[in-house]
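**Student:** Below is one structure. I have some questions about it.
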Amino acid sequence: MGLPEGFEGVIYDTASVATVHALAAAREAAVPDVRERGLVGRADLSGLRVYCSEQAHSSVDKAVMLLGLGHGALRKIEVDADFRMRAEHLADARRSIDRSKSTR
């Protein structure tokens with residue numbers, strides 16, 4: 001494969017597997033005790049969100065459901081003519097979440 005001798009890492013066979021593992025790692029970082037306590041019925045968790053481009057692979061939709069975050073946690077952000085996520089729309093989406101947390 002032409003990898004350097006000191007290569008360490010994982011090579012995935014599909015985008016779907018890579019997406020699930022990346023979001024699982026993000027979930028682990030956001031909720032450190034998720035392996036022990038899970039996500040169900042956790043009053044200490046609110047507002048977990050996954051942001052992606054509206055052009056993201058369908059594996060993102062599947063991964064949020066598979067990992068127990070629920071499809072409602074996924075926020076798809078508009079892209080520009082060059083398919084770049086629009087940063088101002090991402091900022092707006094994040095502010096919207098912050099406002100909803102402060103009203104609970």
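**Student:** Report whether or not VAL20 is closer than 24 Å to ARG75 by Cβ, in contact with a helix residue (DSSP H, G or I) (Cβ under 7 Å, 6 or more places away or on another chain) and either modelled with pLDDT of 90 or more or surrounded by fewer than 10 Cβ atoms within 10 Å (Cβ to Cβ) (or both).
**Tutor:** So VAL20 passes the test.
**Student:** If I ask for residues that are part of a helix (DSSP H, G or I) and under 22 Å from LYS76 (Cβ atoms), which ones from the range 25-43 would you list?
**Tutor:** ALA25, ALA26, ARG27, ALA29, ALA30
**Student:** Further, regarding this structure: On the given criteria, is SER46 of a type in the set (Ser, Thr, Tyr) and part of a loop (DSSP other than H, G, I, E, B)?
**Tutor:** Yes.
**Student:** Quick one: what pairs do we get from the range 3-20, first residue within 19 Å of LEU67 (Cα to Cα), second exposed (fewer than 10 other Cβ atoms within 10 Å of the Cβ), C-beta under 9 Å, 6+ apart or different chains?
**Tutor:** Here the result reads ALA18/VAL10, each pair linking the range 3-20 to a residue that is exposed (fewer than 10 other Cβ atoms within 10 Å of the Cβ).
**Student:** A further question on this structure: Going residue by residue through the range 50-57, is there one that turns out to be among the hydrophobic types (A, V, I, L, M, F, W, C) and modelled with pLDDT under 95?
**Tutor:** Checking the range 50-57: not a single residue is among the hydrophobic types (A, V, I, L, M, F, W, C) and modelled with pLDDT under 95.
**Student:** Residue by residue through the range 51-100, note down the ones that are over 19 Å from ALA15 (Cα atoms), without any contact (Cβ under 8 Å) to a residue 40 or more places away in the chain and assigned to a helix (DSSP H, G or I).
**Tutor:** Within the range 51-100, GLY72, ALA73, ALA87, GLU88, HIS89, LEU90, ALA91, ASP92, ARG95, SER96, ASP98, ARG99 qualify.
The values are calculated or read from the model by the stated rules, or taken from the named source; none is laboratory data. For clarity, every value in this text was computed on a predicted model and none was experimentally measured. Ideal geometry is used to build each Cβ from the backbone, glycine not excepted, and the neighbour counts take in all protein chains shown.
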